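Visitor: My questions all concern the structure below.
The values are calculated or read from the model by the stated rules, or taken from the named source; none is laboratory data. Please read these numbers as outputs of a predicted model, since none were measured by experiment. Every residue, glycine as well, gets a Cβ built from its backbone with ideal geometry; the counts of neighbours run over all protein chains shown.
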Amino acid sequence: MVDLFQTLAEAPAGVLEMVGDSLENRAKDPAQQAILERYIGDLDINPGAVVVEIGCGTGPVCRRFAEIENVARVVGVEPASALVERAGTLADSDKLEFRVGRGEETGLADGSADIVVLHTLLSHVPDQSAILDEALRLLRPEGQLVVCDADFSKTSVAIGDADPLQACVEGNVTDRWLCPRLPGLLKSKDLEISAFKGHNRVDVAGISTGPGWVRMGADALVASGRISETAGAALKAECEARIAAGQFYAALPFVSAVARRS
Ligand SMILES: C[S@@+](CC[C@H](N)C(=O)[O-])C[C@H]1O[C@@H](n2cnc3c(N)ncnc32)[C@H](O)[C@@H]1O
């Protein structure tokens, strides 16, 4: 299993720049923005609210929260220092603060957050329980946890039966079954769900994450020795050719959940 996002803190500068670009591009996608707006609408945000995002990358989700009038402060925590640096450069509000840190141990004070956001983080971490325990430690008693992630168990770039491109999108996250197991995971932490929503996301232009997954997946298949470099290159070329010919289709459903302590 190769999950680029699990070890970004140690990644070379070129990879971090590419990941930063792709996170910023994804945040500009109207479908992605609609998902964010839908779960923001599910939250009770009282005046003076403090929001913590764990695994904030370059900070687009933090920036959106900082625009909300009732939000007083947004702290983004991220292990990759190059992304934290870029988040600082892109920060457009004095409500924003970014720190280098891991979600299992953020170093923030107990009960210091009204809202903790895990936006496309949990599918990339090996110890989801440790992240949830840390989120619960940070939350005030009435605080709300948001989990938003892609349901990678349903991701598809196939445009027909036995489409070989599909093999590229089935193994490049740490836990592709996070979303189907999310209700049980939250319950195991005594969290009560107040909103649980599915969001459809389709990319036919190939400008969003679709071709990125295919490239990453093909490289992972080659790196694990399951296919040859020639086959990997052919899969990537097939993806590029489909995009150029207007035949590309990527479906990636998302899920969002808002929960509080029972
Ligand atoms: C898919 S990106 C999402 C970034 C951001 N939330 C967004 O939506 O633009 C996942 C992020 O989680 C970070 N990450 C990975 N493992 C982590 C951990 N154990 N604790 C905190 N962040 C982590 C990665 O470095 C990466 O920036």
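Visitor: Arg102 - would you say it is within 15 Å of the ligand (Cβ to nearest atom), farther than 22 Å from Asp3 by Cα and basic (Lys, Arg)?
Guide: Working: within 15 Å of the ligand (Cβ to nearest atom): yes; farther than 22 Å from Asp3 by Cα: no; basic (Lys, Arg): yes.
Against the criterion (within 15 Å of the ligand (Cβ to nearest atom), farther than 22 Å from Asp3 by Cα and basic (Lys, Arg)), Arg102 does not qualify.
Visitor: Just to verify a result, which residue in the stretch 80-99, among those that are away from the ligand (no atom under 11 Å from the Cβ) and polar (S, T, N, Q), is nearest to Phe5 (Cα to Cα)?
Guide: Result: Thr89.
Visitor: Let me ask something else about it. If you go through the stretch 11-27 one residue at a time, do you hit one that is surrounded by 15 or more Cβ atoms within 10 Å (Cβ to Cβ) and of a type in the set (D, E, K, R)?
Guide: yes
Visitor: Identify, from the list Val258, Val204, the residue that is hydrophobic (A, V, I, L, M, F, W, C) and at pLDDT below 95. Show your work before the answer.
Guide: Numbers: Val258 fails: at pLDDT below 95.
None of the others qualify; the one that does is Val204.
Visitor: Name the residue, out of Val71, Val77, Val50, that is under 25 Å from Pro141 (Cβ atoms) and near the ligand (Cβ under 8 Å from one of its atoms).
Guide: Working: Val71 fails: near the ligand (Cβ under 8 Å from one of its atoms); Val50 fails: near the ligand (Cβ under 8 Å from one of its atoms).
So the residue among Val71, Val77, Val50 that is under 25 Å from Pro141 (Cβ atoms) and near the ligand (Cβ under 8 Å from one of its atoms) is Val77.
Visitor: Can you tell me which of Asp114, Asp151, Asp92 is of a type outside the set (S, T, N, Q), in contact (Cβ under 8 Å) with a residue 24 or more places away in the chain and within 23 Å of Cys179 (Cβ to Cβ)? Steps first, please.
Guide: Details: Asp114 fails: within 23 Å of Cys179 (Cβ to Cβ); Asp92 fails: within 23 Å of Cys179 (Cβ to Cβ).
Among Asp114, Asp151, Asp92, only Asp151 is of a type outside the set (S, T, N, Q), in contact (Cβ under 8 Å) with a residue 24 or more places away in the chain and within 23 Å of Cys179 (Cβ to Cβ).
Visitor: Could you check the stretch 52-70 and list, in sequence order, the residues that are surrounded by fewer than 24 Cβ atoms within 10 Å (Cβ to Cβ) and not aliphatic (A, V, I, L, M)?
Guide: Step one: of the stretch 52-70, the residues surrounded by fewer than 24 Cβ atoms within 10 Å (Cβ to Cβ) are 60, 63-64, 66-70.
Result: Pro60, Arg63, Arg64, Glu67, Glu69, Asn70.
Visitor: Okay, next question. Select the strands (runs of 3 or more DSSP E) contained entirely in the stretch 82-163, then report the ones holding at least 1 residues which are out of contact with any Leu (no Cβ under 7 Å at 6 or more places or on another chain), polar (S, T, N, Q) and crowded, with 16+ Cβ neighbours inside 10 Å.
Guide: Working: elements: 96-100, 113-119, 139-150.
Ranges flagged: none.
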